[in-house]
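*Asks:* One structure, pasted below without further comment.
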Amino acid sequence: MIKFRGWLILLLSIICYIGAQVFGSYEFLLLSITFLITFLYSLFSTIQLRDKLFIKRKIGHKRVHVDNVVDVNLHAKNKGTLFTSIPIIKDKLPSYFGDSHNFVVPTNFYKKDFDIKYKLNMDKRGLYKIGPITMRGQDSFNLTQSNVLFDDYQEILVYPKIYDISQFSPGGVGFIGYEALTSDLVSPIGDDFYSLREYFSGDDLRKIHWKSTAKTSTLMIRKVDDATISRVAIIVDGFRDSHLGEGKESTFEYLISAAATIVNYFAKSNYRVRIVVSGNRLYVIPFDDASRNYHRIMGVFAKCEPAGNISPAIIISKELDSLPTGSNIIFLTTSFNTDWLDKLKRIRRRGQMRIALVLVVGETFLPMSDVLYQQKMTMFSEFLAKIYGSGISVCLLRKGCNIKSTLEGIKRNRVK
């Protein structure tokens with residue numbers, strides 16, 4: 001692209017040439033030639049930039065978790081000598097990262113390949129598209145300019161923040177899966193979880209099935225069906241009216257982080273996991289090995305937003321009607337609506353499924369007076385009493401809490 005002063009130099013060259021012809025002046029002719037050579041040199045320099053420099057982006061990791069750092073390297077291959085002044089390279093980033101990633105090419109780049117490196121702090125989950133790479137170069141006299149576009153697009157998928165938990169014990173009063181079989185704190189398991197066999201010396205006395213023992217006059221114990229106890233359905237409430245707060249300090253981010261942490265935990269133990277998220281769209285991933293399905297699940301957690309229009313009660317109703325008998329269920333929500341609780345209680349009374357609840361206390365995410373806060377907490381305590389009364393294990397998450405220890409059940413949440 002020829003800039004204004006470039007056109008001006010070209011015009012002066014033409015005027016001087018005309019003057020040389022009209023007045024027969026050798027000096028005018030020299031000026032005309034000088035202006036023309038300067039213009040052509042500038043034009044040739046920017047054309048060289050377009051033809052001789054090629055840039056390719058390399059990203060260290062394209063799938064990371066929140067709070068990770070991504071290393072980005074722009075590798076430039078220099079195919080010849082460049083006669084320009086210093087070019088400026090720009091890697092286009094999403095608006096979230098600002099507009100500061102412009103880079104000045106090193107002054108010693110002549111006849112050399114070179115690298116430009118920078119880092120991205122990924123502190124927000126989501127899908128980020130990077131590119132294209134653009135380069136702007138101008139000649140030494142600032143007469144012409146060349147804009148080069150390198151059609152290089154790449155994506156970075158940022159998963160939620162996860163915590164490495166050693167156990168999942170909702171509220172410290174119960175376990176999910178195999179750990180429930182050896183816990184003194186478990187709720188009764190429905191008949192569909194197990195078959196019966198005779199007692200052998202050394203068997204766990206807690207597994208004795210007393211009704212069958214009374215009928216047969218022989219000690220009978222429960223033999224657990226691995227296919228059911230290792231199956232976990234995780235339901236995340238993304239209903240738009242359920243969530244409060246913004247950014248990292250929002251109820252939905254706490255839920256998604258907790259859900260990702262739980263999936264990561266079960267993936268290490270070869271559980272079969274089903275995922276249902278009622279976010280900006282309804283995401284459903286059928287039962288499959290959590291470790292094999294890990295990136296697919298985390299991809300859903302990375303992209304979903306709390307903009308769903310399906311209430312938690314409807315989601316639970318549909319899921320519980322279709323889930324295989326004996327499934328473990330983990331429901332993550334911030335809603336205090338009793339509709340979904342009533343549905344969970346009915347399933348719980350049937351004894352066919354083990355249910356755990358991860359509940360975010362939304363009021364802790366909003367500024368409010370002490371009086372109003374106490375009123376809200378009184379209402380919440382009444383709701384919480386209904387949950388505990390139903391025998392459902394519950395894990396409470398509040399703003400600023402230690403998610404890791406809370407999910408492990410090491411420290412019981414208390415509502416003040």
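*Asks:* Determine which member of the set 97, 175 is aromatic (Phe, Trp, Tyr) and at pLDDT 80 or above.
*Replies:* Criteria check complete, one pass: 97.
*Asks:* Could I ask something else about it? For the stretch 289-305, what are the residues that are out of contact with any Leu (no Cβ under 9 Å at 6 or more places or on another chain) and surrounded by 15 or more Cβ atoms within 10 Å (Cβ to Cβ)?
*Replies:* 290, 291, 293, 294, 297, 300, 301, 304, 305 - these are the residues of the stretch 289-305 that are out of contact with any Leu (no Cβ under 9 Å at 6 or more places or on another chain) and surrounded by 15 or more Cβ atoms within 10 Å (Cβ to Cβ).
*Asks:* Mind counting the residues in the stretch 270-303 that are closer than 24 Å to residue 314 by Cβ and in a strand (DSSP E or B)?
*Replies:* Residues flagged as closer than 24 Å to residue 314 by Cβ and in a strand (DSSP E or B) within the stretch 270-303 amount to 12.
*Asks:* Against the definition (without any contact (Cβ under 8 Å) to a residue 40 or more places away in the chain, assigned by TED's automatic domain parsing to the domain that holds residue 231 and not acidic (Asp, Glu)), how does residue 276 come out, yes or no? Write out each step before concluding.
*Replies:* Working: without any contact (Cβ under 8 Å) to a residue 40 or more places away in the chain: no; assigned by TED's automatic domain parsing to the domain that holds residue 231: yes; not acidic (Asp, Glu): yes.
No.
*Asks:* Just to check your reading of the model, which residue among 61, 75 is part of a loop (DSSP other than H, G, I, E, B) and under 30 Å from residue 132 (Cα atoms)? Steps first, answer last, please.
*Replies:* On the way: 75 fails: part of a loop (DSSP other than H, G, I, E, B).
The unique qualifying residue is 61.
The values are calculated or read from the model by the stated rules, or taken from the named source; none is laboratory data. Keep in mind that what you see is a predicted model, and the values were worked out from it rather than measured. With ideal geometry, Cβ positions are generated from the backbone for all residues, glycine too; neighbour counts draw on all protein chains shown.
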